[in-house]
Amino acid sequence: MMHHHRKGEAAAEDPLPLPAEESGGVKMKELRGRLADYACQHRKHGHDALLRMLASFALVSCLLLLLPGSPVSATMDELLQLGRRARHDDEGPAPPCADVANGTLCCDRTALRTDVCVMRGDVRTQAASHSLFVLLPPNSNSSRPATDERIRPYTRKWESSIMSTIDELRLRSAPEGDAAAPGSCDVRHDVPAVVFSTGGYTGNVYHEFNDGIIPLYITTRHYNKKVVFVMLEYHDWWMTKYGHIVEQLSDHPPIDFTNDRRTHCFPEAVVGLRIHDELAIDAVRMPANQTIQDFRQMLDHAHRGRIQTIVKEEEDKEAAAARRQQRHRSSKRSRRTKTDEGDKPRLTIISRNGSRAIENEAELVRAAAGAGFRVAVLQPRQDTELAKMYRALNASDVMVGVHGAAMTHFLFMRPGSVFIQVVPLGTDWAAETYYGEPARRLGLRYMPYKILPSESSIYGQYANDDPVLTDPDTVNAKGWQVTKQVYLDGQKVRLDMARFRRRLREAYGHWRSRGSATVRDWWWNTRYYTIDLIEAWV
């Protein structure tokens, strides 16, 4: 079966409301204090040339770290928080069903968002019956009864309407030789399988990351790519879009479960994906305390090669065009123009058509340019190559857009960059929950711009004292369909540029306070080397 996101479904454009689980955090104050204390303690060991050099570095670092309000202190805070690489000797708590004996099946159904089952031993697929078996040897002394479980491996378990579209798998334990079980292996793998669905709301970038890509990272990162992905509702276009990310998580080609009728055998299978929160990774529940910053670094690696190819192709085209047109520009003038433009921070507007579009977008472009930015306008489409989106936003200092699924692309921004989310009427909670708080966790400077009723296209449709304008919470309390109809599908935005320019100035000031792009990018690109040095020192 193949299920794309359904037209007209509530979450096809925006995520549905749901209770959020608590997320852990890194205690940076403690870490900074420990590093500073250690640095100070080692000042006295100056008998060796190397130690003297390290001691000098430690002394300066200690003073700068402990100096209140020091820009270096703030930079190091940010560096340690956002650019650190997790130490691999720090393991998070084992999830339920982590300790499963051979020949057994364990299902964890305690989470609100997802079910996860683990099978260990001789695990075999049977696509014809949509089943996975774990077999017991015929002479096994195990007294465990046979187990039969059902699971739909998708991370929106509370939402029955979409879960009904996900293929159901039957998981069974049975003795070897059982008539219903596969008799032999067509393909034997020596690494575990992770089984999940790419159906549901696939086709919507928020759901693709929140319900699929990030949970896949959470569930499989500890395998260090020694894992095979077995996909239900397999889509070729999904692999084309996310293949570079899949290659970062697995060394093996994925399996289309429904259409690959061979019997695949594994030493272990995890069926279903674990999920923490909205576009989030809880370090407390991750091996080596990995965070959303580690996930973003994985995205960086995933797209680097393709981006280099795109840049080379563009350079070749430009060179060919220049030769054809025999351009003869003043090299001095070209260098001056390029330098002037290069000194400006980049601002990218994520453009929308239809609902929640910015009606005076051209005016916004002019205002941003007048505030000192180089401005680009992006309008993501279903077929937009992900590497091109990543390249544009990774190179941007500010991203501006109206609340909606495309705001998920904040994940492509460098930590320390600015994210301005325009918040239409009635979307405060969703804007904060789905994008605002996750952006802060990534390390972005989040600047919400909550519009006034007069900036909304629905302003003239209601009386000035109507709750739609004055008390959106009351309207939202009537249910998701009302929210969707009134505030999501029926609203556009006309920015009050006098108000919005204040946000642009604030964003520009943030960029200036962080220093030039060259210095900032140097810190970001060398952060792992710096953290490795500190960890080796400690």
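Note on the range 470-491: residues that are crowded, with 18+ Cβ neighbours inside 10 Å and closer than 28 Å to VAL365 by Cβ total 3.
Okay, residues lined up against (1) under 30 Å from ARG150 (Cα atoms); (2) crowded, with 23+ Cβ neighbours inside 10 Å; (3) of a type outside the set (D, E, K, R):
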{"site": "PHE257", "(1), (2), (3)": "yes, yes, yes"}
{"site": "CYS265", "(1), (2), (3)": "yes, no, yes"}
{"site": "ALA269", "(1), (2), (3)": "yes, yes, yes"}
{"site": "HIS276", "(1), (2), (3)": "yes, yes, yes"}
{"site": "LEU279", "(1), (2), (3)": "yes, yes, yes"}
{"site": "ASP282", "(1), (2), (3)": "yes, no, no"}
{"site": "ALA302", "(1), (2), (3)": "no, no, yes"}
{"site": "ARG306", "(1), (2), (3)": "no, no, no"}
{"site": "ILE310", "(1), (2), (3)": "no, no, yes"}
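Whether a residue is open to solvent by 10 Å² or more (accessible area, probe 1.4 Å) and β-branched (Val, Ile, Thr) was assessed, and ILE218 passes this test. Looking at GLU506, GLU437, GLU535, can you tell me which residue is at pLDDT below 95, open to solvent by 30 Å² or more (accessible area, probe 1.4 Å) and charged (D, E, K, R)? None of the others qualify; the one that does is GLU535.
Looking only at the range 356-370, count how many residues are open to solvent by 30 Å² or more (accessible area, probe 1.4 Å) and either in contact with a helix residue (DSSP H, G or I) (Cβ under 9 Å, 6 or more places away or on another chain) or part of a helix (DSSP H, G or I) (or both).
Residues meeting the conditions: 7.
If I filter the range 165-179 for residues that are in contact (Cβ under 8 Å) with a residue 12 or more places away in the chain, surrounded by 21 or more Cβ atoms within 10 Å (Cβ to Cβ), among the small types (Gly, Ala, Ser) and under 23 Å from ILE275 (Cβ atoms), do I get at least one hit? No, the range 165-179 has no match at all. Scanning the range 137-171 for residues that are basic (Lys, Arg) and at pLDDT below 95 yields a single hit, ARG144.
Where helices (runs of 4 or more DSSP H) fall entirely within the range 398-504, those with at least 2 residues that are of a type in the set (S, T, N, Q) are at 472-476, 480-483. Do you know which residues across the range 144-198 are part of a loop (DSSP other than H, G, I, E, B) and under 17 Å from ARG261 (Cα atoms)? Passing the criteria: ASP167, GLU168, ALA180, ALA181, PRO182, GLY183, SER184, CYS185, ASP186, HIS189. Consider the range 257-296 and keep the residues that are hydrophobic (A, V, I, L, M, F, W, C) and closer than 30 Å to ASP186 by Cβ. The one that is farthest from the chain's Cα centre (by Cα) is CYS265.
The values are calculated or read from the model by the stated rules, or taken from the named source; none is laboratory data. Owing to the predicted nature of the structure, the values given are computational and were not obtained by experimental measurement. Virtual Cβ from ideal backbone geometry, glycine too; neighbours counted across all protein chains shown. Heavy atoms of the whole protein, side chains included, go into the accessibility calculation; ligands, DNA and RNA do not. Shrake-Rupley method; radii C 1.70, N 1.55, O 1.52, S 1.80 Å.
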